[in-house]
1. Search the stretch 109-126 for residues that are assigned to a helix (DSSP H, G or I) and pair each with any residue that is among the basic types (Lys, Arg) and surrounded by fewer than 24 Cβ atoms within 10 Å (Cβ to Cβ) when their beta-carbon atoms are under 8 Å apart and the residues are at least 6 apart or on different chains.
2. Answer with yes or no whether Arg73 is at pLDDT 90 or above and of a type outside the set (A, V, I, L, M, F, W, C).
3. What number goes with the only condition from (1) modelled with pLDDT of 90 or more; (2) over 24 Å from Leu27 (Cβ atoms); (3) surrounded by 14 or more Cβ atoms within 10 Å (Cβ to Cβ) that Phe156 does not pass?
4. Looking only at the stretch 68-87, count every residue that is surrounded by 15 or more Cβ atoms within 10 Å (Cβ to Cβ) and of a type outside the set (A, V, I, L, M) and tell me the total.
5. Filter the stretch 101-131 down to residues that are of a type in the set (Ser, Thr, Tyr) and buried (at least 23 other Cβ atoms within 10 Å of the Cβ) and give me whichever is farthest from the chain's Cα centre (by Cα).
6. What number of residues within the stretch 31-68 are under 30 Å from Arg151 (Cα atoms) and either at pLDDT below 90 or not β-branched (Val, Ile, Thr) (or both)?
Amino acid sequence: MSNQLNESIERELLRRHKATATTVAGLLVATVLLSIAAYISKSFLREQHNPPVDIALRITILIFGLGAVALRRTRFATMRLQDIGALTGASGLLRTLEKTTIQVALIGAAISMVGFIATLLTGNAFYSYGATLVAVFVLLYCFPTRPSWRRTLQQFAQVSEAPIPAGRPE
């Protein structure tokens, strides 16, 4: 099987991958910035112990983290990708890869926000640090790599095996 995709699919792959990777990278930077903001603001906050908030936050972060992993694994299941590739072709498969990656990344950003809000409410910076750790894991887990998207297209989409013609105008 040829490693080349036809020209329009390759352009769409590059465009969607770049947009998705930029979004995930931006959310990763925002997550780290929230943790830095919590560190800077901890001297201005008064620590208030609140056991119910502590338990609720830990459970929420755990469920969001595990839910993000489960969502990604479910949406990228082999049978599902085969069906999407057969029904909608390469374009639909790329759309699925993009949407799912962004959804999982948004869950990671939500984890970070929950931790930061808990830090503001309780004055305990640990919430933000712990949530940032989980959020960074989720964001790195869902970070898209172009070779993996290309392999997915070749495996599950009905892609032409002809090489890309050279010198074609865009």
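1. Thr119/Lys42
2. Considered against the rule, which asks whether it is at pLDDT 90 or above and of a type outside the set (A, V, I, L, M, F, W, C), Arg73 comes out as yes.
3. Against the list (1) modelled with pLDDT of 90 or more; (2) over 24 Å from Leu27 (Cβ atoms); (3) surrounded by 14 or more Cβ atoms within 10 Å (Cβ to Cβ), Phe156 comes up short only on (1).
4. Step one: list which residues in the stretch 68-87 are surrounded by 15 or more Cβ atoms within 10 Å (Cβ to Cβ), which gives 68-69, 71-72, 75-76, 81, 84-85.
Narrowing further to those that are of a type outside the set (A, V, I, L, M): 72, 75-76, 85.
Looking only at that region, the number is 4.
5. The initial filter retains those residues of the stretch 101-131 that are of a type in the set (Ser, Thr, Tyr), namely 101, 112, 119, 122, 127-129.
This time we only want the ones that are buried (at least 23 other Cβ atoms within 10 Å of the Cβ), so: 101, 112, 119, 127-128.
Values: Thr101: 4, Ser112: 13, Thr119: 24, Tyr127: 21, Ser128: 19 Å.
Per the criteria, the residue is Thr119.
6. 5
The values are calculated or read from the model by the stated rules, or taken from the named source; none is laboratory data. Just so it is clear, the model here is predicted, and its values are computed rather than measured. Counting neighbours? That spans all protein chains shown, and the Cβs are built from the backbone with ideal geometry, glycine included.
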